[in-house]
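**Student:** The structure follows.
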Amino acid sequence: MPPAPGATLATKALPLWLAELLARRLFGSLAGERVLSSTFFPLYKVYWRLRGAGLAAAWGFKDTLWQDNPWQDTLRQQGATQEQDVEVEVGADKAAAAPPAGALAETVLRVTSGRYLSVSEIKAELPREERAAFRQEYLDDLVRRGSLRFMAAVGPGESGDIECRRCGSRRRIAFSWCARCAIACPECPECRDMGRMRGCDALYTAAEPPAPPAFRQDTTLAATPAAPSGVTLVTPLQPELPFALSKAQAQAAGELAAASAARQSPVLVWAACGAGKTEVAFHAVARELESGGRVLVTAPRRDVVIDLYHRLEAAFPGCRIGGLWGGGRFLPAAGPSPQLIVATTHQAMRLSASFSLVILDECDAFPYNVTPMLQRTIARLSEGGVFIQMTATPALSTRRQVAASGRIIYIPARHHGHPLPVPSLHLDRSLASWPGGGVEAGAGGEVGRWGGRGGSSREGAAGDTGQVPKVLAEVIGETLAGGGRLLVFVPTRAMVAPVARSLQQNFNIEVAGVHSASPERDLVREKLRSRELALVVCTTIFERGLTFPGVDVAVLFADNEAVFDRATLVQIAGRPGRTTAFPEGRVYFIAARKSRSMLGAVEDIRYLNRLAGERKLLL
Amino acid sequence: MFQKEKVRHRLQIYRHLTGGLARVREDFGDLLFPPPAGCGYCGSELMPPLMPWWTPENAVDQTLCRRCLEQVVFTSGPGCARCGRPEQEDRLCVFCRNDICRVSGGSATVYEGIIPELTRRLKFKGARQLAAALGRMAAITGMKVAAGWPVTAVVPVPLHQERLAERGYNQAQLIAGEVARWLGRPLWSDILLRTRNTKPQSGLDIADRAKNIEGAFVAVDVKNLSRRSILLVDDVLTTGATLTAAAAALLVAGAGSVRFVTASVTVAPPQHWKGDY
């Protein structure tokens with residue numbers, strides 16, 4: 001049977017995944033390897049044999065079994081003639097351009113070094129002028145020379161089960177009829193959004209990613225942070241930081257560098273909101289770079305990753321850093337693969353090599369916390385190395401897991417040495433009957449209608465009633481009288497406009513309302529920074545990563561646990577008091593009842609404050 | 001002591017058995033225990049069927065949830081007298097007036113709301129299960145088109161073999177299969193061939209589209225075709241150039257009459273088109 005047009009090394013004889021499966025079973029059993037874990041059970045063994053035989057037979061008889069297209073012989077002839085024509089063309093082309101134009105081959109090897117990429121992904125990574133000249137034959141040529149390797153994108157894993165080689169998914173692999181192989185082909189639906197992957201697609205990687213040379217800094221050493229007595233930073237290579245580390249940070253940095261030197265893993269860095277946890281890891285990175293290890297710094301969110309990339313670039317001038325995120329990538333132009341890579345967790349899925357140090361920032365953030373495929377990826381990449389997770393709000397499960405097998409490092413105090421503001425609970429039973437609050441919200445009904453429970457529109461009859469809960473009115477009155485500014489968090493987008501309207505009516509000042517879809521989002525953020533607004537109503541979009549000097553915070557309907565969970569409340573409570581000019585602030589939780597999350601958040605904050613006191617980190 | 005050994009031995013056998021069964025369940029699990037049906041677009045759980053699916057209208061309810069279906073604009077009212085394109089001021093739409101489209105037929109929905117995303121997922125993201133949703137919608141219109149016009153067979157617009165290998169399946173064929181099922185007519189998926197690997201129509205201008213696709217099809221089973229009525233099926237109707245070329249191939253090969261059904265139809269021209277239409 002002549003190969004289908006467009007067939008390459010990777011797709012020629014058998015579907016790639018089937019070839020790999022058969023090879024495994026043949027050579028694996030020849031070598032005496034136990035291919036399956038439960039081979040002892042005879043019936044199961046028979047079943048497995050039959051299954052293998054069935055697959056092989058299906059391939060043998062596929063023309064008879066799946067006679068999908070009786071005209072395929074005609075088509076094949078057509079294909080063959082076409083291919084001959086093309087071959088002449090390509091041959092002529094090859095005479096001019098082959099062996100793969102040195103530059104193109106180099107680019108392909110550089111792009112695939114340390115990563116698993118499909119043909120289309122390789123093509124997309126090439127510069128535009130090289131993309132036009134790119135042909136699949138070039139990849140085949142590189143494979144024949146031994147400088148490129150390929151494997152099925154979905155194929156047999158360690159245990160003999162079919163698994164996705166990109167995301168590691170095993171359970172959801174689906175077999176469906178494939179026109180290329182004329183047989184059922186496995187496909188991974190879990191990571192489909194990053195580009196389809198079938199068993200007959202190949203993933204390419206450069207054969208031997210050249211070991212990056214250990215990074216040494218030529219410049220004079222940066223000023224060492226004031227290390228407290230009893231803690232010495234052993235690394236001579238110092239990251240260049242824009243500011244000196246605080247006492248709490250220096251302590252944690254020392255601990256972290258020591259933990260990574262002792263190969264302790266996993267490590268959790270639990271920092272107070274606004275304590276500056278990222279810079280703390282730079283000493284551990286410096287140590288690893290110096291000893292020639294490979295470092296991956298990753299976070300689930302793109303903006304965090306971009307920010308990290310620039311901070312690391314500033315801290316390690318002269319170091320070659322690779323940056324990978326959706327929509328943009330910075331790979332060094334030439335030379336071996338970079339020793340330090342900054343990537344989003346999604347882009348990390350395409351990395352092949354394992355790292356001796358993996359740092360995961362914001363480890364409790366969406367989508368990492370709810371996506372098993374990302375967790376599997378990070379576990380694969382950090383295998384045998386040190387895994388450091390950093391967050392201000394670790395989940396209880398993470399805390400327990402790390403406490404059992406690794407080490408938790410705390411940064412309990414902010415740089416100015418003031419304790420974290422502890423939320424005060426303002427309870428009012430009548431809020432439960434207030435639309436959008438209490439039981440109604442918990443029941444998952446029409447959340448977010450402010451005035452007018454029977455109103456039909458989602459925006460509600462709102463400010464028309466003009467009422468404000470008494471507790472909220474008291475809190476606002478108090479804050480405004482003291483010349484302060486207040487951020488009011490509400491659980492839903494639909495509540496923002498009505499609450500803002502009724503506050504404006506009641507207090508006669510400019511009130512802005514912001515949620516993720518409002519166009520004036522950036523404008524309000526700037527106005528808050530420049531202290532032009534005194535009262536802002538918002539959803540949880542202002543929950544993380546933002547600093548508004550001198551602001552107080554109130555959380556309305558804080559007992560709505562679907563939105564305000566423990567981590568969210570701790571983050572919100574971490575907004576006030578972040579700057580040296582305004583080191584203190586107030587946090588109000590306004591609710592009908594004490595929810596578990598509210599109590600948990602208060603507990604977490606008190607715990608860190610107590611720890612800071614014990615370590616004498618407070619003023 | 002002896003007793004303990006015996007128990008352990010039995011336990012071992014039990015574990016082997018259940019372990020083996022677990023593997024069998026993993027392999028054939030979806031056949032024995034199908035996963036609960038979810039909306040093809042948003043994934044939310046669907047209402048269980050109230051009645052058996054006697055009509056495609058009812059069957060559409062089993063593929064998309066109510067909230068997503070509300071965003072689908074079904075074609076209705078007077079449209080182009082030839083291709084049925086809605087919202088036309090004249091009797092014929094601009095493409096039929098200029099003879100770019102020369103086939104008559106109809107489309108189920110307007111290419112707006114969730115339909116573009118559904119089509120994209122079906123074509124490029126491998127979400128084959130969406131063919132059921134689009135196919136049943138097309139079948140609703142298919143029944144109207146086939147009223148008083150005895151359909152011999154349903155024929156999908158084919159893909160070139162290379163494109164087929166790349167994608168693994170032909171989305172028009174999946175939709176056509178659903179249409180054929182509801183019309184109770186055979187699906188002839190092998191009667192039309194695409195002989196040239198044409199550029200994707202979606203990136204082209206109106207004039208280039210017709211030029212790109214002209215003469216790209218050939219009908220092969222000439223004996224069966226003579227004087228039959230064929231219903232062509234495709235996913236989206238834009239200018240009608242593809243359908244016209246495919247119909248021409250069928251008519252040349254001796255088909256009696258050809259009409260078409262598509263799952264959706266564009267009303268506004270794409271952004272990158274130049275000139276006024």
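The values are calculated or read from the model by the stated rules, or taken from the named source; none is laboratory data. Predicted, not measured: the structure shown is a model, and the values here were computed from it. Positions of Cβ are backbone-derived with ideal geometry, glycine not excepted, and every protein chain shown enters the neighbour counts. Remember, those area values only see protein heavy atoms, side chains included, never the ligands or the DNA or RNA. Shrake-Rupley method; radii C 1.70, N 1.55, O 1.52, S 1.80 Å.
**Student:** I'm trying to understand the selection: among the residues of segment A:313-329, which are open to solvent by 50 Å² or more (accessible area, probe 1.4 Å) and in a helix (DSSP H, G or I)?
**Tutor:** A:Glu313, A:Ala314
**Student:** Any chance segment B:74-82 includes a residue that's of a type in the set (Lys, Arg) and either open to solvent by 70 Å² or more (accessible area, probe 1.4 Å) or within 14 Å of another protein chain (Cβ to nearest Cβ) (or both)?
**Tutor:** Scanning segment B:74-82, I find no residue that is of a type in the set (Lys, Arg) and either open to solvent by 70 Å² or more (accessible area, probe 1.4 Å) or within 14 Å of another protein chain (Cβ to nearest Cβ) (or both), so the answer is no.
Per-residue answers, yes or no, for (1) modelled with pLDDT of 90 or more; (2) under 26 Å from A:Val108 (Cα atoms):
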{"site": "A:Arg329", "(1), (2)": "no, yes"}
{"site": "A:Pro336", "(1), (2)": "no, yes"}
{"site": "A:Ile341", "(1), (2)": "yes, yes"}
{"site": "A:Ala348", "(1), (2)": "yes, yes"}
{"site": "A:Ala353", "(1), (2)": "no, yes"}
{"site": "A:Asp364", "(1), (2)": "no, no"}
{"site": "A:Asn369", "(1), (2)": "no, no"}
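**Student:** Step by step: first the residues of segment A:76-135, then only those that are part of a helix (DSSP H, G or I), among the small types (Gly, Ala, Ser) and at pLDDT 55 or above, then the one that is least open to solvent (accessible area, probe 1.4 Å). Which residue is that?
**Tutor:** A:Ala105
**Student:** Looking only at segment A:171-194, which residues are more than 9 Å from every other protein chain (Cβ to nearest Cβ), under 25 Å from the mean Cα position of the chain (by Cα) and in a loop (DSSP other than H, G, I, E, B)?
**Tutor:** A:Arg172, A:Ile173, A:Cys188, A:Glu190, A:Cys191
**Student:** Report, by residue number, each residue of segment A:574-612 that is closer than 17 Å to A:Val553 by Cβ, part of a helix (DSSP H, G or I) and of a type in the set (Asp, Glu).
**Tutor:** Once the filter is applied, which keeps residues that are closer than 17 Å to A:Val553 by Cβ, part of a helix (DSSP H, G or I) and of a type in the set (Asp, Glu), segment A:574-612 yields only A:Asp604.
**Student:** Go through segment A:180-206 and report how many residues are open to solvent by 20 Å² or more (accessible area, probe 1.4 Å), at pLDDT 85 or above and more than 21 Å from A:His346 (Cα to Cα).
**Tutor:** Looking only at that region, the number is 0.
**Student:** A further question on this structure: Which residue out of B:Ala172, B:Ala138, B:Ala165, B:Ala180 is within 27 Å of A:Ala184 (Cβ to Cβ) and more than 17 Å from the chain's Cα centre (by Cα)?
**Tutor:** B:Ala165
**Student:** Scan B:Gly40, B:Gly19 and give me the residue that is within 14 Å of chain A (Cβ to nearest Cβ), at pLDDT below 70 and surrounded by 12 or more Cβ atoms within 10 Å (Cβ to Cβ).
**Tutor:** Only one candidate qualifies: B:Gly19.
**Student:** Also, I was wondering about something else. Does at least one position in segment A:267-281 carry a residue that is more than 30 Å from A:Ala601 (Cα to Cα) and not β-branched (Val, Ile, Thr)?
**Tutor:** Taking every residue of segment A:267-281 in turn, none turns out to be more than 30 Å from A:Ala601 (Cα to Cα) and not β-branched (Val, Ile, Thr).
**Student:** Next up: Just to be sure before I move on: is A:Arg166 modelled with pLDDT of 85 or more and more than 10 Å from every other protein chain (Cβ to nearest Cβ) in the structure I sent?
**Tutor:** Against the criterion (modelled with pLDDT of 85 or more and more than 10 Å from every other protein chain (Cβ to nearest Cβ)), A:Arg166 qualifies.
**Student:** Could you check how many residues of segment A:366-381 are in contact with a Pro (Cβ under 8 Å, 6 or more places away or on another chain) and buried (at least 19 other Cβ atoms within 10 Å of the Cβ)?
**Tutor:** Final tally of qualifying residues: 2.
**Student:** Here is a further query. State which residue is least open to solvent (accessible area, probe 1.4 Å) when the search covers only segment A:136-178 and only residues that are in contact (Cβ under 8 Å) with a residue 60 or more places away in the chain and of a type in the set (Lys, Arg).
**Tutor:** Here the residue is A:Arg166.
**Student:** Testing B:Val151 on (1) surrounded by fewer than 19 Cβ atoms within 10 Å (Cβ to Cβ); (2) assigned to a loop (DSSP other than H, G, I, E, B), one condition comes back false. Which one is that?
**Tutor:** Failed condition: (1).
**Student:** Out of curiosity, is A:Ala567 part of a loop (DSSP other than H, G, I, E, B), in contact (Cβ under 8 Å) with a residue 12 or more places away in the chain and in the same structural domain as A:Arg521 (by TED's automatic domain parsing)?
**Tutor:** No; evaluated as a whole, the condition is false for this residue.
**Student:** How many of the residues making up segment A:465-487 are assigned to a loop (DSSP other than H, G, I, E, B) and over 16 Å from A:Ala591 (Cα atoms)?
**Tutor:** 6
**Student:** Anything in segment A:428-446 that is modelled with pLDDT of 85 or more and either in the same structural domain as A:Gly254 (by TED's automatic domain parsing) or open to solvent by less than 60 Å² (accessible area, probe 1.4 Å) (or both)? List them, or say none.
**Tutor:** Within segment A:428-446, just A:Asp428 meets the criteria.
**Student:** Please give the number of the condition A:Arg615 fails out of (1) more than 14 Å from A:Ala392 (Cα to Cα); (2) without any contact (Cβ under 8 Å) to a residue 12 or more places away in the chain.
**Tutor:** (2)
**Student:** Kindly check whether there is at least one residue in segment A:298-312 that is part of a strand (DSSP E or B), under 14 Å from A:Met390 (Cβ atoms) and either in contact with a strand residue (DSSP E or B) (Cβ under 7 Å, 6 or more places away or on another chain) or open to solvent by 10 Å² or more (accessible area, probe 1.4 Å) (or both).
**Tutor:** Within segment A:298-312 (the criterion being part of a strand (DSSP E or B), under 14 Å from A:Met390 (Cβ atoms) and either in contact with a strand residue (DSSP E or B) (Cβ under 7 Å, 6 or more places away or on another chain) or open to solvent by 10 Å² or more (accessible area, probe 1.4 Å) (or both)), the answer is yes, since at least one residue qualifies.
**Student:** If I filter segment A:255-281 down to residues being in a helix (DSSP H, G or I) and either open to solvent by 10 Å² or more (accessible area, probe 1.4 Å) or acidic (Asp, Glu) (or both), which single residue comes out as nearest to A:Ala315 (Cα to Cα)?
**Tutor:** Within segment A:255-281, the match that is nearest to A:Ala315 (Cα to Cα) is A:Glu279.
**Student:** Another one. Could you tell me which of the residues B:Glu162, B:Glu214 is more than 14 Å from chain A (Cβ to nearest Cβ) and more than 23 Å from B:Val60 (Cβ to Cβ)?
**Tutor:** The conditions single out B:Glu214.
**Student:** Could you check how many residues of segment B:113-122 are within 14 Å of chain A (Cβ to nearest Cβ) and either surrounded by 17 or more Cβ atoms within 10 Å (Cβ to Cβ) or within 11 Å of the chain's Cα centre (by Cα) (or both)?
**Tutor:** 2
**Student:** Then there is this: Only one of B:Lys123, B:Lys144 is part of a helix (DSSP H, G or I) and farther than 23 Å from B:Leu193 by Cα. Can you tell me which?
**Tutor:** Answer to the selection: B:Lys144.
**Student:** Right, another one. Name the residue, out of B:Lys144, B:Lys125, that is within 14 Å of another protein chain (Cβ to nearest Cβ) and either surrounded by fewer than 19 Cβ atoms within 10 Å (Cβ to Cβ) or touching an Asp or Glu at 6+ places or on another chain (Cβ under 9 Å) (or both).
**Tutor:** On inspection, the qualifying residue turns out to be B:Lys125.
**Student:** Another question about this same structure. Taking A:Glu543 as meeting all but one of (1) within 23 Å of A:Pro519 (Cα to Cα); (2) of a type in the set (Asp, Glu); (3) open to solvent by less than 10 Å² (accessible area, probe 1.4 Å), write down the number of the exception.
**Tutor:** Just one mismatch for A:Glu543, condition (3).
**Student:** Right, something else. Looking at A:Arg400 and the list (1) outside any loop (DSSP other than H, G, I, E, B); (2) crowded, with 21+ Cβ neighbours inside 10 Å, which single condition is not satisfied?
**Tutor:** (2)
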